[in-house]
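**Student:** The following block contains the structure, expressed as structure tokens.
Please treat every number below as a calculation from the coordinates, not as lab data. As the structure is a prediction and not an experimental result, all values here were calculated from the model. Cβ coordinates were reconstructed from backbone atoms using ideal geometry, including for glycine residues, and neighbour counts include every protein chain displayed.
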Amino acid sequence: MFCYQCQETAKNIACTKKGVCGKTSDVANIEDLLVWVTKGLGEILTRMRKENKDIKNLHSFVNNNLFTTITNANFHYEDLLEKVKETIDLNQKLIEGLDDKENLSKAALYNEKDDDELKLKSQIIGVLNTLDDDKRSLRELITYGLKGMAAYNRHANVLGKFDDNVDEFMESTLAKLMDDSLSVEDLIALTLETGSNGAAAMALLDSANTSAYGNPEISEVNIGVRNNPAILISGHDLKDMEMLLEQTQNTGVDVYTHSEMLPANYYPAFKKYDNFVGNYGNAWWLQDKEFESFNGPILMTTNCIIPPKDSYKDRVFTTGVAAYPGMKHIAADENGYKDFSEIIELAKKCESPKEIEHGKIVGGFAHNQVLALADKVVEAVKNGDIQQFVVMAGCDGRQRGRNYYEDFAKALPEDTIILTAGCAKYRYNKLNLGDINGIPRVLDAGQCNDSYSLVVIAQALQKAFGLDDINDLPISYNIAWYEQKAVIVLLALLSLGVKNIHLGPTLPAFLSPNVANVLVENFGIAPIGEVDEDMEKFGIKT
Ligand code: FSO
Ligand code: SF4
């Protein structure tokens, strides 16, 4: 195995024996094989599109395959092997219907059915097949961006929203990743295009979420517990959230969110459920403690599973692209409906959650809510009450270096506001940082995909202040990354012209020195350093 797709990769070089995430080498290898045959599928779909063939029901294979290989989503070898076989079968069937069958790639033509042969192949397919350092770096950067985009695209699709340009881009780009004639310059251009399509995917998801569930609004979220049996739901899939709330009505079972599902508390459509209590716990990496004390069943709707302890393993269920050996998986029926009755019945037999904290946190500052406060915000900036905004979006994680983000938030002067999205917020959303003229100093827009909201807010402020360049706003970007959704958020920000982003806790291992230089020279990307020095670099007066 050779995997360096996430921030926690071993020694910030690569995981080569076993993943720091807990992934075995077999799983890492079969994921590489799945990505490879999906590149073949991308090529075939691109050709079918040219030949005006109907492909509208086939995009979901691309999204699911890429999404399932995101860090901490799927640890299940047999499940991944099944997906490889399904994709190979699909590729062969689709090739039969092509008018032009000439010069297809090896990935598209690959037609192996034997499990042992597939395993052998999975050991020789992967990142290191690209020998040139810079091309490999860019190909992987784009691949990880596509994985993040696939996640957002899939969430939007589940809610009935599609953007054909995004699908077309993803599929044609998968094919281009196998094209040896593309130069480093071509791949740099493709990286930026990946970013702009990522922004489109996030906009699509924003419209899917808000049209289905309303605009997030200022909300107080209970972080304590009640005395009823309960289910904890984690991950990012709001459709799963809706189905779970519907099915738990009048059963005596409460529902709490964990980690990235916290923003579900901000949507008007979910507030009508009186068994929806609030949020339990913190970011994904603390789940081994928090799932234990929760006592009830847990539903993982997307990534960010960590290898479970025996004490709660039997209570964890997966759905969607998430899978883990030994955990029960709830699949959707042909209409997308998921039957959660088994989880509800189990909840009834469990003790109610043990309280680990109590009180409230405030969130719900997606673009619509912040823009409703725009006059207040603009006035506070003009009269000097707000010195600067700092975008501290992204992910949280286990590494000790991430204490930096808590320290940074604490050290920020009282006339600054943190704009956040993603699970990075758990480093400072319970610090009680106060408010400025009634505007909370931590404005949480939602999940990592809601970083899109932060861009909409920045663009609106740019207009309000009559500025030509988004970088002239008093906004700094100090972003934490962990997995591949953060990669597409970063590329989207770059494509929108945002400069001088600080990225931490470490720069991605998959950036070769030359590619890292391109990002430094053209976009001012910088690693994080010491809190005081970084504060100065951002021009924040303390
Ligand atoms: Fe966090 Fe995990 Fe949203 Fe990621 S829960 S780390 S960027 O999957 O998705 O922010
Ligand atoms: Fe290592 Fe991250 Fe890959 Fe897991 S996802 S194997 S931790 S680089």
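**Student:** When averaged across all projection directions, what area in nm² does the alpha-carbon convex hull of the chain cover?
**Tutor:** Computed as one quarter of the Cα hull surface, the answer is 23.6 nm².
**Student:** Around Ile233, which amide H atoms from residues at least 5 apart in sequence, or from another chain, sit under 5 Å from its own amide H, with H modelled in the peptide plane?
**Tutor:** Tyr256, Thr257, His258, Leu299
**Student:** For Glu193, what charge total do you get from the other residues with a beta carbon under 11 Å from its beta carbon, if Lys and Arg give +1 and Asp and Glu give -1?
**Tutor:** Residues near Glu193 contribute 0 overall.
**Student:** So, one more: What size of dipole, in debye to the nearest 20, comes out for the range 307-443 about its Cα centre when the only charges are +1 on Lys and Arg C-beta atoms and -1 on Asp and Glu C-beta atoms?
**Tutor:** Numbers: 19 positive and 19 negative charges, 88 e Å.
Computed about the Cα centre, the dipole is about 420 debye.
**Student:** Taking θ = phi - 60°, what integer Hz values does the Karplus form 6.51 cos²θ - 1.76 cosθ + 1.60 yield along the range 509-515, in sequence order, with x for Gly and Pro?
**Tutor:** Working through the residues one at a time gives 5, 7, 8, 6, x, 5, 5 Hz.
**Student:** Where the centroid of each part is defined by its Cα atoms, how far is the range 114-173 from the range 375-439 in Å?
**Tutor:** Taking the Cα centre of the range 375-439 as reference, the centre of the range 114-173 is 34 Å away.
**Student:** Taking the Cα centre of the chain as origin, work out the dipole magnitude from +1 charges on Lys and Arg Cβ and -1 charges on Asp and Glu Cβ, in debye rounded to 20.
**Tutor:** Computed charge dipole of the chain: roughly 760 debye.
**Student:** Among Cys350, Phe162, Leu192, flag the residue with its Cα farthest along the positive direction of the charge dipole of the chain, charges on Cβ as +1 for Lys/Arg and -1 for Asp/Glu.
**Tutor:** Cys350
**Student:** Do the sum for the chain: with -39,500 (n - 2.57) for every DSSP H run of n ≥ 4, divided by all residues, what is the mean residue ellipticity at 222 nm, to the nearest 500 deg cm²/dmol? Don't skip to the answer; put the middle values down first.
**Tutor:** Working: 20 runs with 243 residues, N = 542.
That comes out to -14000 deg cm²/dmol.
**Student:** Kindly flag which residue pairs out of Lys53/Lys101; Lys53/Lys106; Lys289/Lys410; Lys93/Lys485; Lys239/Lys271; Lys39/Lys176 have an alpha-carbon separation exceeding 20 Å in this structure. List each step's numbers first, then the result.
**Tutor:** On the way: Lys53/Lys101 14 Å; Lys53/Lys106 22 Å; Lys289/Lys410 25 Å; Lys93/Lys485 31 Å; Lys239/Lys271 15 Å; Lys39/Lys176 9 Å.
Where the Cα-Cα span goes over 20 Å, the pairs concerned are Lys53/Lys106; Lys289/Lys410; Lys93/Lys485.
**Student:** Then there's this: Given Cβ point charges of +1 (Lys, Arg) and -1 (Asp, Glu) and nothing else, what value in debye, to the nearest 20, does the dipole of the range 335-401 about its Cα centre take?
**Tutor:** Computed charge dipole of the range 335-401: roughly 160 debye.
**Student:** Among Gln387, Tyr426, Gly281, flag the residue with its Cα farthest along the positive direction of the charge dipole of the chain, charges on Cβ as +1 for Lys/Arg and -1 for Asp/Glu.
**Tutor:** So the residue we want is Gly281.
**Student:** For Lys463, which lysines qualify as cross-link partners when the Cα separation must be under 26 Å and same-chain residues fewer than eight apart are set aside?
**Tutor:** List returned: Lys376, Lys382, Lys499, Lys537, Lys541.
**Student:** Tally the DSSP beta bridges in the chain and give the antiparallel ones as a percent, rounded to 5.
**Tutor:** 15 percent
**Student:** Which of the peptides 389-402, 210-223, 452-465 is most tightly packed, and how do the rest follow, judged by the mean count of other Cβ atoms within 10 Å per residue?
**Tutor:** So the order, starting with the most tightly packed, is 389-402, 452-465, 210-223.
**Student:** Mind listing the long-range amide H neighbours of Phe389? Cut-off is under 5 Å, sequence gap 5 or more, other chains count too, H placed in the peptide plane at 1.01 Å from N.
**Tutor:** Ile417, Ile475, Ser476
**Student:** Let me ask you something else. Once phi is turned into ³J(HN,Hα) by the Karplus curve 6.51 cos²θ - 1.76 cosθ + 1.60 with θ = phi - 60°, what whole-Hz value does each residue of the range 375-381 show in order, with x for glycine and proline?
**Tutor:** Whole-Hz 3J(HN,Hα) from phi for the range 375-381: 4, 4, 5, 4, 4, 5, 6.
**Student:** For the range 72-119, build the charge dipole from Cβ charges (+1 Lys, Arg; -1 Asp, Glu) around the Cα centre, then report which of Ile95, Phe75, Ser105 sits farthest towards its positive end.
**Tutor:** Result: Ser105, furthest along the dipole toward the positive end.
**Student:** Here's something else I'd like to know. Once you keep just the Cα pairs under 8 angstrom separated by 6 or more residues, what percentage relative contact order results for the chain?
**Tutor:** Across the chain, relative contact order equals 17 percent.
**Student:** Amide H neighbours of Thr318 under 5 Å, counting only residues 5+ apart in sequence or on other chains, H built in-plane at 1.01 Å?
**Tutor:** Here Met300, Lys328, His329, Ile330 satisfy the definition.
**Student:** Which links in Lys56/Lys83; Lys23/Lys83; Lys18/Lys56 stretch past 27 Å when you go from one Cα to the other?
**Tutor:** Lys18/Lys56
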